[in-house]
Amino acid sequence: MSQQVRGVVAHKKGDPVSVETIVVPDPGPGEAVVKVQACGVCHTDLHYREGGINDDFPFLLGHEAAGIVESVGEGVTDVAPGDFVILNWRAVCGNCRACRRGEPWYCFSTHNATQKMTLTSGQELSPALGIGAFIEKTLVHAGQCTKVNPEAKPEVAGLLGCGVMAGIGAAINTGKVGRGDSIAVIGCGGVGNAAIAGARLAGASTIIAVDVDDRKLGWAKDFGATHTINSREQDAVEGIQALTDGNGANVVVDAVGRPETFTTAFYARDLAGTVVLVGVPTPDMRIELPLLDVFGRGGATKSSWYGDCLPSRDFPMLIDLHLQGRLPLEKFVSETIGLDDVEAAFHKMHKGEVLRSVVVF
Ligand SMILES: NC(=O)c1ccc[n+]([C@@H]2O[C@H](COP(=O)([O-])OP(=O)(O)OC[C@H]3O[C@@H](n4cnc5c(N)ncnc54)[C@H](O)[C@@H]3O)[C@@H](O)[C@H]2O)c1
Ligand SMILES: [Zn+2]
Ligand SMILES: [Zn+2]
């Protein structure tokens, strides 16, 4: 028997989102239905709404979520009804060329539910990042459910499902920031501040936050930034070099994803340093760099998809560190809101008023 619940749908490019009745099928083989307890509003949801990801409207938005497994389909053994889980968009397949060479964080064939959630008209919905969690109950592949310690609050835990994991992982998994390193993070929204928190956890000794908004820089200090640069007032490359003995940082994370921020990151790192691009560019963006500089500066320019995380390895570990008081995930929650407030939350995000608005059910 399917169920009917309320969820947030983007019908058309650029149109305000609306709350609709959605039909959620019972879980089929390998699937689970999860009662969503909390779901954060991420910039990527807005990218979907703006048509920046693809044109598969209507979208069921939301993807940074935690909740309780309600029911599971045939053959599901890793999770059971009652389990507290964070939803992930990397349910590794175990069979693709990345999985087979032992790099499952690049899995090219991640699992999603086979059945579709629909509008009452029968029209199929495209769930954001294969999840769709601004909804009372959602249907996912069981591999998208990662069990974590249920003592963590859902509105905090859910954030690890996307942006916060992307930021922490950009610093520690992709950038491999370690004890005594210097790191600069450009763009201190939810993702950038998570990179700062990750760098502190990993023992970086110089952590430079760069943003155009002083409010964001204030929050960055709370997460562990040792220095801040407002790049509207000061050249960020010069500022980062001045704070690193004239050399540049070992790792620079671009958590904005624009040609100008990537270029800053490229020149603000030390020789043989690493640039990590975690902000998502749009298709029209181009960069031009002297090829001699690409050669001469050495090191690496990397992209970080979902912080190169392995949910089954990273989510339980990060939740444990949070519960031990070593990772202040609660500071990312600027406000908790209702399902009807997602559109308003997009506006607040656009104006830079929040790190994360989190829908709680
Ligand atoms: N790679 C991944 O797996 C992944 C996962 C989640 C989100 N993202 C992407 O990461 C990016 C950041 O997401 P978010 O939720 O933190 O967004 P956000 O809007 O909360 O934060 C962006 C920050 O960048 C700052 N900023 C904008 N332009 C700037 C500039 N020119 N110089 C310096 N700072 C600037 C803003 O003031 C803001 O603080 C988005 O592009 C999002 O889609 C990527
Ligand atoms: Zn795979
Ligand atoms: Zn996200």
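Couple of notes before you dig in:
- Selection count, region 133-167, where residues are over 11 Å from residue 315 (Cα atoms) and either in contact with a His (Cβ under 7 Å, 6 or more places away or on another chain) or assigned to a helix (DSSP H, G or I) (or both): 12
- Filter pass, residue 320 being more than 30 Å from residue 18 (Cα to Cα) and either among the charged types (D, E, K, R) or in a helix (DSSP H, G or I) (or both): yes
- Any strands (runs of 3 or more DSSP E) falling wholly within region 1-87 and containing at least 3 residues that are more than 21 Å from the chain's Cα centre (by Cα) and over 22 Å from residue 150 (Cβ atoms): 3-10, 18-24
- Remark: residue 233 matches the filter, which requires a residue to be within 14 Å of ligand 1 (Cβ to nearest atom), modelled with pLDDT of 95 or more and either assigned to a loop (DSSP other than H, G, I, E, B) or not hydroxyl-bearing (Ser, Thr, Tyr) (or both).
- Taking the criterion of being assigned to a helix (DSSP H, G or I), within 19 Å of residue 304 (Cα to Cα) and either touching a Leu at 6+ places or on another chain (Cβ under 8 Å) or of a type in the set (Ser, Thr, Tyr) (or both), the residues of region 195-225 that qualify are 197, 201.
- Some residue of region 10-19 being away from ligand 2 (no atom under 16 Å from the Cβ), among the charged types (D, E, K, R) and crowded, with 20+ Cβ neighbours inside 10 Å: no
- Count of residues meeting criterion [within 11 Å of ligand 2 (Cβ to nearest atom) and of a type outside the set (Ser, Thr, Tyr)] in region 103-131: 6
- Screening the candidates 248, 178, 239 for the property of being touching a residue at least 24 places away in the same chain (Cβ under 8 Å) and under 25 Å from residue 306 (Cα atoms) yields one hit, 178.
The values are calculated or read from the model by the stated rules, or taken from the named source; none is laboratory data. None of the values given here were measured: they were computed from a predicted structure. We place every Cβ from the backbone using ideal geometry, glycine too, and count neighbours over all the protein chains shown.
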